[in-house]
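Input: a single structure, listed below in structure tokens.
The values are calculated or read from the model by the stated rules, or taken from the named source; none is laboratory data. Being a predicted model, the structure only gives us computed values, none of them experimental. For neighbour counting, all protein chains shown are included, and Cβ atoms are generated from backbone atoms with ideal geometry for every residue, glycine included. Note: accessible area is taken over every heavy atom of the protein model, side chains too, but ligands, DNA and RNA are not part of it. Shrake-Rupley method; radii C 1.70, N 1.55, O 1.52, S 1.80 Å.
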Amino acid sequence: MAKNTKMNRIYEPERCWVGDQHKICYPTKEDAEAAARIAEYDHHLDTKLGVYKCEYGDHWHLTASRH
């Protein structure tokens, strides 16, 4: 029986450097907003995370400060 190699791969999200941080890239604003809500829930955050369009590429990032 053949093994499904896709099941054995580790997902590594695309990242880019923003200042001195290596941030995860989200392809759409909606994807970034969904990731922000999940992170808030997973990490029991009291404050909401914001999202912003990257100035270095055509993608979005999360931020703890509101843009």
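Below 8 Å between Cα atoms, with a sequence gap of 6+, how large is the relative contact order for the chain in percent? Mind showing how you got there, number by number?
Numbers: 81 pairs, mean separation 17.1, N = 67.
Worked out over the chain, it gives 26 percent.
Over the Cα atoms of the chain, what is the Rg over Rh ratio if Rh follows Kirkwood? Using Cα coordinates only, the ratio equals 1.10. Placing +1 on the Cβ of every Lys and Arg and -1 on the Cβ of every Asp and Glu, with nothing else charged, gives the chain a dipole about its Cα centre of roughly 240 debye. Enter the angle in degrees (range 0 to 90, nearest 10) between the Cα long axis of helix 29-42 and the first principal axis of the Cα atoms of the chain, meaning the one along which they spread out most. With rounding to tens, the tilt is 90 degrees. The 1.4 Å probe gives accessible areas that order 14, 33, largest first, as 14, 33.
The distance between label points at residue 63 and residue 28 comes to 2.2 nm (points 7 Å beyond Cα on the Cα→Cβ vector). Of the trypsin sites (Lys or Arg not before Pro) found in the stretch 11-67, the ones in coil according to DSSP and having at most 15 other Cβ atoms within 10 Å of their Cβ are 48, 66.
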